[in-house]
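Participant: Sharing a structure, written as structure tokens. Questions coming.
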Amino acid sequence: MMCDVGLIPSDTGEEGGKQTGQRMTHYIEKGGRFETAFKAMPETIRLPWTSGGALLGIKGPKEPKAKNKIKYTCAGGCDVNVWGKPGLRIACGECEELFEEIEAD
Ligand SMILES: [Zn+2]
């Protein structure tokens, strides 16, 4: 069914990859139905983060993305850490110091 619509199963994501397996992806058949239909779509309804993005040279969701959670640690030396979105002002319930942002995962 995927081949019918021009999306060729491939375990490597490249031409020549195995078409079956446990961890699969696909590539877009050159001149296939998917590519043709995708290119015919008005730009305003394209979803660049979907598999068609490669045709347009648009970066997809596999690119490293900005951190959305950062580590905060108590500035009062309580050795307490919390994780949250950037830009929070968090106060420690023990020593009432503010938490500081730490660069970490
Ligand atoms: Zn503290």
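Participant: Restricting to the range 77-88, give me the number of residues that are within 8 Å of the ligand (Cβ to nearest atom) and of a type outside the set (V, I, T).
Facilitator: First, pick out the residues of the range 77-88 that are within 8 Å of the ligand (Cβ to nearest atom): 77-78, 80.
Pick out the ones that are also of a type outside the set (V, I, T) and you get 77-78.
Of the residues in the range 77-88, 2 are within 8 Å of the ligand (Cβ to nearest atom) and of a type outside the set (V, I, T).
Participant: To continue, here is another question. Within the range 1-36, work out how many residues are without any contact (Cβ under 8 Å) to a residue 24 or more places away in the chain, of a type outside the set (V, I, T) and not in a loop (DSSP other than H, G, I, E, B).
Facilitator: 3
Participant: Then there is this: Restricting the search to the range 66-76, which residues are more than 14 Å from the ligand (Cβ to nearest atom) and in a loop (DSSP other than H, G, I, E, B)?
Facilitator: If the condition is that a residue be more than 14 Å from the ligand (Cβ to nearest atom) and in a loop (DSSP other than H, G, I, E, B), then A66, K67, N68, K69 are the ones that fit.
Participant: Is there a residue in the range 54-62 that is under 30 Å from G93 (Cα atoms), surrounded by fewer than 13 Cβ atoms within 10 Å (Cβ to Cβ) and at pLDDT below 85? Can you show your working first?
Facilitator: Quick first cut of the range 54-62, residues under 30 Å from G93 (Cα atoms) only: none.
No, the range 54-62 contains no residue that is under 30 Å from G93 (Cα atoms), surrounded by fewer than 13 Cβ atoms within 10 Å (Cβ to Cβ) and at pLDDT below 85.
Participant: Sticking with this structure for a sec: Please work out which residue is farthest from the ligand (Cβ to nearest atom), limiting yourself to the range 89-105 and to residues that are loosely packed, with under 13 Cβ neighbours inside 10 Å and under 27 Å from the mean Cα position of the chain (by Cα).
Facilitator: D105
The values are calculated or read from the model by the stated rules, or taken from the named source; none is laboratory data. For clarity, every value in this text was computed on a predicted model and none was experimentally measured. Neighbour counts are summed over all protein chains in view; Cβ atoms, including those assigned to glycine, are modelled from backbone coordinates with ideal geometry.
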